[in-house]
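S.K.: Structure below; questions to follow.
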């Protein structure tokens, strides 16, 4: 935890006080300091929040270990002979993940301690009244800070199956998964969203037996989900997309967990594993932070905000997962910037979550921005689409990763670019340019006349746009 540079005292006044120093909060604090605002952060755990310590960063480190292990297993296909047995060293992968996290954490502390000198108060913050934040520090007596503006950045926590609480041993969530000291031989993963499929991709390639229960990537394009489902089953991951088990279907034993599920035909069967990892979503941390003290609205466990991140109470903002607009770290960063720039009297560009990409780092990767074809149709748009598979792409073939496609969705009447989905190698890296393109209102024709470097996977974007226009080259 960063040290307190200003030795906060009872009644000390700030321009901005942040309750929570997660991704959205720490970015807001840094931007506030850049704008000359007097800012403080109250954090009960570690600066950086879930993303840095229990989510984005450690899981991607685990995924990189899985990628390397998989590549080594296929080294002979690329002309590389490896003598001796190939084995996965889970403790070493865990150690590397921790080192990556600690390195990023030290860099963040440097920004707060040295570059911007932002005080981070170790403790629990809560709203005590208009312009007042109560601090219960880890050490010392409680006190109150005065502030012109409050930003709530308390985040969310993993949601449990109703009636089936986490025990951290047999029934775990993603917070537990990043610190498991030993690798179980088998997992049941309940939930097929980004968190569920990423852990399935990790554990399956580490060598554990994985059973995934739930529809895979339900927020993504249906064709993308179908590719991932086929790929997972090809990789040996058992997937039961139609099953929705409840606590009554789960039995915890001395050696593991048993779950009653339904297969694709509706036939009931029982699956068993050492560990059940629950990844069915997240719920807001809105309790015990004083929201009711000043009448901040809470709906379905989250804090609704407007395009400037303002709550219903003047000078009180909410950024990150806790406002429910889009539970993604990069969106939280943008929210934090918007809130602080608005506080500073600027006119920030309003958040449009349709321009904020979704990325899932499973194998194959999935990334998208804007509307899927189904979402656009459901919204009443007349759509036209273009699609290009990875298989003809030279770079995808070179890399040995030909699963997937690129898909462009446009309005047939206005020609607006409504959305884009990429499945396959480097999808999560490629989608950023398309997010910027959508923000700048790029058309399929403009993508079509752009020159893409060869040989690169990015060419599938070009070909998908050409397909929409009726003249893709390589299919």
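S.K.: More than 30 Å from residue 404 (Cβ to Cβ), surrounded by 22 or more Cβ atoms within 10 Å (Cβ to Cβ) and either outside the structural domain of residue 245 (by TED's automatic domain parsing) or modelled with pLDDT of 95 or more (or both): is that true of residue 272 in this structure?
M.R.: No: the conditions fail for residue 272.
S.K.: Out of the stretch 223-253, which residues are surrounded by 13 or more Cβ atoms within 10 Å (Cβ to Cβ) and touching a helix residue (DSSP H, G or I) at 6+ places or on another chain (Cβ under 9 Å)?
M.R.: Residues satisfying the conditions are 223, 228, 232, 235, 237, 238, 239, 241, 243.
S.K.: Also, quick follow-up: Which ones in the stretch 300-312 are part of a loop (DSSP other than H, G, I, E, B) and within 20 Å of residue 157 (Cα to Cα)?
M.R.: Listed by number, the residues that qualify are 300, 301, 303, 304, 305.
S.K.: When the stretch 397-438 is examined, which residues are found to be touching a helix residue (DSSP H, G or I) at 6+ places or on another chain (Cβ under 6 Å), in a loop (DSSP other than H, G, I, E, B) and surrounded by fewer than 22 Cβ atoms within 10 Å (Cβ to Cβ)?
M.R.: 402, 403
S.K.: So which of 297, 293 is assigned by TED's automatic domain parsing to the domain that holds residue 336, modelled with pLDDT of 95 or more, within 30 Å of residue 124 (Cβ to Cβ) and not in a loop (DSSP other than H, G, I, E, B)?
M.R.: 293
S.K.: Identify, from the list 40, 33, 61, the residue that is touching a helix residue (DSSP H, G or I) at 6+ places or on another chain (Cβ under 9 Å), closer than 23 Å to residue 344 by Cα, outside the structural domain of residue 398 (by TED's automatic domain parsing) and part of a helix (DSSP H, G or I).
M.R.: 33
S.K.: For residue 131, state whether it is at positive phi, out of contact with any helix residue (DSSP H, G or I) (no Cβ under 6 Å at 6 or more places or on another chain) and modelled with pLDDT of 95 or more. First the steps, then the outcome.
M.R.: On the way: at positive phi: yes; out of contact with any helix residue (DSSP H, G or I) (no Cβ under 6 Å at 6 or more places or on another chain): yes; modelled with pLDDT of 95 or more: yes.
Against the criterion (at positive phi, out of contact with any helix residue (DSSP H, G or I) (no Cβ under 6 Å at 6 or more places or on another chain) and modelled with pLDDT of 95 or more), residue 131 qualifies.
S.K.: In the stretch 366-394, how many residues are closer than 24 Å to residue 474 by Cβ, free of Cβ contacts under 8 Å to residues at least 60 places away in the same chain and touching a strand residue (DSSP E or B) at 6+ places or on another chain (Cβ under 8 Å)?
M.R.: Result for the stretch 366-394: 1.
S.K.: May I pose another question? Identify, from the list 189, 151, 127, the residue that is in a strand (DSSP E or B), in contact with a strand residue (DSSP E or B) (Cβ under 7 Å, 6 or more places away or on another chain) and over 30 Å from residue 341 (Cα atoms).
M.R.: 189
S.K.: Give the residue that is nearest to the chain's Cα centre (by Cα), with candidates limited to residues of the stretch 212-244 that are over 16 Å from residue 360 (Cβ atoms) and modelled with pLDDT of 95 or more. Walk me through it before giving the result.
M.R.: Here is the first cut: in the stretch 212-244, the residues over 16 Å from residue 360 (Cβ atoms) are 213, 233-234, 236, 238, 240, 242-244.
Checking which are modelled with pLDDT of 95 or more leaves us with 213, 233-234, 236, 238, 240.
On the way: 213: 20, 233: 24, 234: 25, 236: 25, 238: 24, 240: 23 Å.
Among residues in the stretch 212-244 that are over 16 Å from residue 360 (Cβ atoms) and modelled with pLDDT of 95 or more, the one nearest to the chain's Cα centre (by Cα) is 213.
The values are calculated or read from the model by the stated rules, or taken from the named source; none is laboratory data. None of these values were measured; they are calculated from a predicted model. No Cβ is skipped: glycine too gets one built from the backbone with ideal geometry, and neighbour counts run over all protein chains shown.
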